[in-house]
Every structure is written in structure tokens, then in C-alpha cells.
Amino acid sequence: MDAFRQAADWLEHGRPGERSAAEEAARFGVLLWDVGGRRAYERQEAGAYRLSLVGAGSVLTYEVLGVALGDLR
């Protein structure tokens, strides 16, 4: 791939590391922290709060039903 085509692809879709970060954010919610390749995301949905821990090819999600995000802070 030539440099111009690669630059156009990055402008349209983001660089490879940014793509995965954007995909994770769309899937898991707002990034809380990122330490040593492990990330924590939170998402408030109707009737549930979710905290997802992502890293090393695995995902662990805690779900608290009937709780608003503001109640946990």
C-alpha cells in the first residue's frame, strides 16, 4: 500500500490502534482506565450498570441491575 492510500485509510477509519479502541468503546462504553494493556469500561443502560474489564484476549463484565450510575459514585 502506498503512503497516500494508507494516509487516506487512516483519515477515514483511524489508525489500527485507534480502530480497536473505538470498537471497544462502542461495545463496552466509556473508558475509565487503561493500565498495562488492561482496560476498564463503564456503561449505563436502562435498568442496568455494567463494568467491563478487558485485556489479554478476555472480557469480564459485572452487571448491576436496577442501579443508576450516579448511585454508585
message = Of everything in the range 23-66, what is open to solvent by less than 80 Å² (accessible area, probe 1.4 Å) and among the acidic types (Asp, Glu)? Give them in sequence order.
response = Glu24, Glu42, Glu45
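Quick one: which strands (runs of 3 or more DSSP E) sit completely within the range 21-61 and have at least 2 residues that are acidic (Asp, Glu)? Break it down stepwise before answering.
Values: elements: 30-35, 38-45, 48-55.
Where strands (runs of 3 or more DSSP E) fall fully within the range 21-61 and carry at least 2 residues being acidic (Asp, Glu), they are 38-45.
What are the residues in the range 23-35 that are among the small types (Gly, Ala, Ser) and touching a residue at least 12 places away in the same chain (Cβ under 8 Å), if any?
Initial filter on the range 23-35 (among the small types (Gly, Ala, Ser)): 25-26, 29.
Listed by number, the residues that qualify are Ala25, Gly29.
The values are calculated or read from the model by the stated rules, or taken from the named source; none is laboratory data. Here the structure is a predicted model, which means the values were calculated and not measured. Note: ideal-geometry Cβ built from the backbone for every residue, glycine included; neighbour counts use all protein chains shown. For accessibility, only protein heavy atoms count, side chains too; no ligands or nucleic acids. Shrake-Rupley method; radii C 1.70, N 1.55, O 1.52, S 1.80 Å.
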